[in-house]
Each structure stands twice: as C-alpha cells, then as structure tokens.
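The values are calculated or read from the model by the stated rules, or taken from the named source; none is laboratory data. Computed from a predicted model, the values in this text were never measured in an experiment. Reconstructed Cβ throughout: ideal geometry from the backbone, glycine too, with neighbour counts over all protein chains shown. To get the accessible areas, we keep the full protein, side chains included, count just its heavy atoms, and leave off ligands, DNA and RNA. Shrake-Rupley method; radii C 1.70, N 1.55, O 1.52, S 1.80 Å.
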Amino acid sequence: VQLQASGGGLVQAGGSLRLSCVYSGSIFSSEIMGWYRQAPGLERELVASGSSGGPYYIDSVKGRFTISRDSAKNTLYLQMNNLKPEDTAVYYCNSLTRAIIKGAAWGQGTQVTVSS
C-alpha cells in the first residue's frame, strides 16, 4: 500500500501550499479519497474528500481549500489558500473506506506549519 504525501512546509498566515499524495493505483483507483490532518494532542480528522455528489470540506476550510485528483497519475491534491495557524497539522491522504479501519495503513504524512 502506497500513500506518500508531500508538499508541506512552513508558511506565514495568509500563504498557500499545494499538497500532493501519490497512492497505489491498483488499490485506490476505484475508491473515494480524502485528505486528513492531525494536530498535536488531537485526533485525526477528515478535512476534504471527493464524493459522487461533489467534494466535501469541513466548515473551517470551506472557500480556502480545494481537493482534486489526477487518476492518470494516481495522485490526490489539496490546494490550501489563506492558511491560518489553526491549519497547522500533519496532513495525510487515504481512502474513506480504509480510513475507518482500525490499524489501517496511513503512510507518511506531510507537516504543515502556519506561523502567525
């Protein structure tokens, strides 16, 4: 199982980052993918995901984050604009189906740090 997130970094509030996640095409190609994040001391949460009815976003990132997918490249993206300090977390990608499985593989996330 491959889930390799990248693109994180240190950015000032108001800045932008574009995250990428390369996934195993043979495993995830037919699954709905999402971006998750985990801040220190908090549980991992779903931030954005694709769906048959259109993308889903948690309220705190609506209008600032955009999820997209290039199936030909087996890559999931998250464009993050107008970043805020509360967006600081390690970001991961996974399929919605596998994410709820205890002990599921998550791969190496990517750290996003937003300074005020």
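Summary table below
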quantity: Residue satisfying condition, being in contact (Cβ under 8 Å) with a residue 24 or more places away in the chain, open to solvent by 20 Å² or more (accessible area, probe 1.4 Å) and not hydroxyl-bearing (Ser, Thr, Tyr), within set Gly41, Gly50, Gly14, Gly34; calculated: Gly14
quantity: Condition met for Arg69 (open to solvent by 80 Å² or more (accessible area, probe 1.4 Å) and within 16 Å of Ser95 (Cα to Cα)); calculated: yes
quantity: Count of residues meeting criterion [under 12 Å from the mean Cα position of the chain (by Cα) and of a type outside the set (A, V, I, L, M)] in the stretch 61-106; calculated: 14
quantity: Tyr23 open to solvent by less than 40 Å² (accessible area, probe 1.4 Å) and more than 19 Å from Ile58 (Cα to Cα); calculated: yes
quantity: Residue list for the stretch 60-95, filter: of a type in the set (S, T, N, Q) and not in a loop (DSSP other than H, G, I, E, B); calculated: Ser60, Thr66, Ser68, Ser71, Thr75, Gln79, Asn94, Ser95
